[in-house]
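Trainee: One structure, as structure tokens, below. Some questions next.
Taken together, the values in this text are just the output of simple stated rules run on the coordinates, not laboratory data. All values reported here derive from a predicted model rather than from experimental measurement. Reconstructed Cβ throughout: ideal geometry from the backbone, glycine too, with neighbour counts over all protein chains shown.
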Amino acid sequence: MKTTRFTILCLCVLLGMSILGCGQKGVTTIKGTVANDSIAALPGVVVELIDANTDEVVDSSALKGGKFTLEVASTLEKLYVVQLVYPGSNPRGNAYRTIVIPDISKVLVTLSESSVATGSPVTSSYVEFTDKFREMLAGNDIARIAELCRETYESNLNNLLGVQALGLLTQFDDNLKLEELEELFNKGGDCVKNNEQLKSTLEDLRNAAETETGNPYKEIEGNLADGTPAKLSDYVGKGYVLVDFWASWCGPCMASVPELKELYAELHKKGFEIVGVNVWEQDAEAGPACAKEKGMNWPILYTRDLQDSVSGNRHNVATDTYGVPGIPTTLLIGPDGVIRERFTGIPSNFKEVVTGYFNQ
């Protein structure tokens, strides 16, 4: 499984994926019953319909004889949660909630200890997929997860489930090639082709392919700790340069610092340089403070995340340029500006590989 900034460890994390452009016309009416009479009779009980992407309450209904009615615009693109709420309750912590994709004019819901929605084909498929996914994830059966995602995507090319399945496939299939992902993406309908996270993932893979070993490096710009503008080309061309993408909150990044310091002490006098690229920080001061504390005494380009004005998604130009899926990611650039090595994570032979270029 690939570890990314947005690593998906369970399907519930995927509920926040931004979906655009595959709407249905009309209204879906959600009629339901609360199976427990004692809970239904509690004062102040209501049933809410929540947009799983925004947590916004889009409709609510008081109970009448244990029954409720909700309405929402029909769509294949959004996931909603129907949940029971009463004073002092924790809706997320009780079983009286279920998911609904309003793909049809009428959906029936029973809220109970084992809540269920019926009448919506996509919702039923989504629940079935979720159950299988969780079972396979619990068993660490990555190969079966990838197979499940492929099969599910092929059967759901233009709805939310297909988007989720393809998104998970990019995370769990380490053998997925760019060409194959392009082909799968192009088979999809508007739900897939207009999904911002899928488009971003595809662009990352394209950029990663362009900056694999044997390709020329691409420019990175940032500021040094004192605010002075600097760029990668200030250092490339004078010897071997190790580019290290890192963040202060990244445990594996911090674990690699001692080995980087050893390499720097051993090889710097031979023309070796490390250029750190600090990315994905919430606090602009966190990177410089961490570098000082850890004794990272090499040039570091501090970058800032940008926020897309349309989707609201955050991105970083440096990691976008190199298609960096997760950190630490390191690249060894030769004196000629050609990328000689690219590592995602720090392999056990990392130091041996780097020092090997100085022992030839």
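Trainee: Mind checking the alpha-carbon convex hull of segment 1-210 and giving the volume per residue in Å³?
Mentor: Convex hull of Cα atoms, per residue: 115 Å³.
Trainee: Turning to a different aspect of this structure: In the structure displayed, which of Lys67/Lys106; Lys231/Lys269; Lys78/Lys199; Lys31/Lys64; Lys231/Lys261 lie more than 20 Å apart, Cα to Cα?
Mentor: Beyond 20 Å between Cα atoms: Lys231/Lys269; Lys231/Lys261.
Trainee: So, one more: Ranked from highest to lowest mean number of other Cβ atoms within 10 Å per residue, what is the order of the peptides 144-156, 219-231? All intermediate terms of the calculation are to be shown ahead of the outcome.
Mentor: Working: 144-156: 18.5, 219-231: 13.6.
Ranking the peptides 144-156, 219-231 by packing returns 144-156, 219-231.
Trainee: Does anything in segment 329-349 have its amide N under 19 Å from the 7 Å Cα→Cβ label point of Ala255, and if so which residues?
Mentor: 329-331, 343-349
Trainee: What helices in the chain pass both tests, a Cα length along the helix axis of 24 Å or more and a mean Kyte hydropathy of -0.5 or higher, using whole DSSP H runs?
Mentor: Span-like helices, by this rule, are 121-138, 251-267.
Trainee: Could I ask something else about it? Mind ranking 233-241, 36-44 by how tightly packed they are, going by the mean number of other C-beta atoms within 10 angstrom, highest first? Show your work: numbers first, answer last.
Mentor: On the way: 233-241: 16.8, 36-44: 12.3.
Final packing ranking: 233-241, 36-44.
Trainee: Still on this structure, I have one more. Any chance you could tell me what percent of the C-alpha pair distances in segment 221-356 go past 19 Å?
Mentor: The proportion of pairs with Cα distances above 19 Å equals 48 percent.
Trainee: For segment 59-114, what is the convex hull volume of its Cα atoms per residue in Å³?
Mentor: Measuring per residue, one finds 96 Å³ for the Cα hull of segment 59-114.
Trainee: If you don't mind, there's one more thing I want to ask. Sticking with the crude label model, points 7 Å out along Cα→Cβ, report the distance from Arg340 to Lys193 in nm, one decimal please.
Mentor: 4.5 nm
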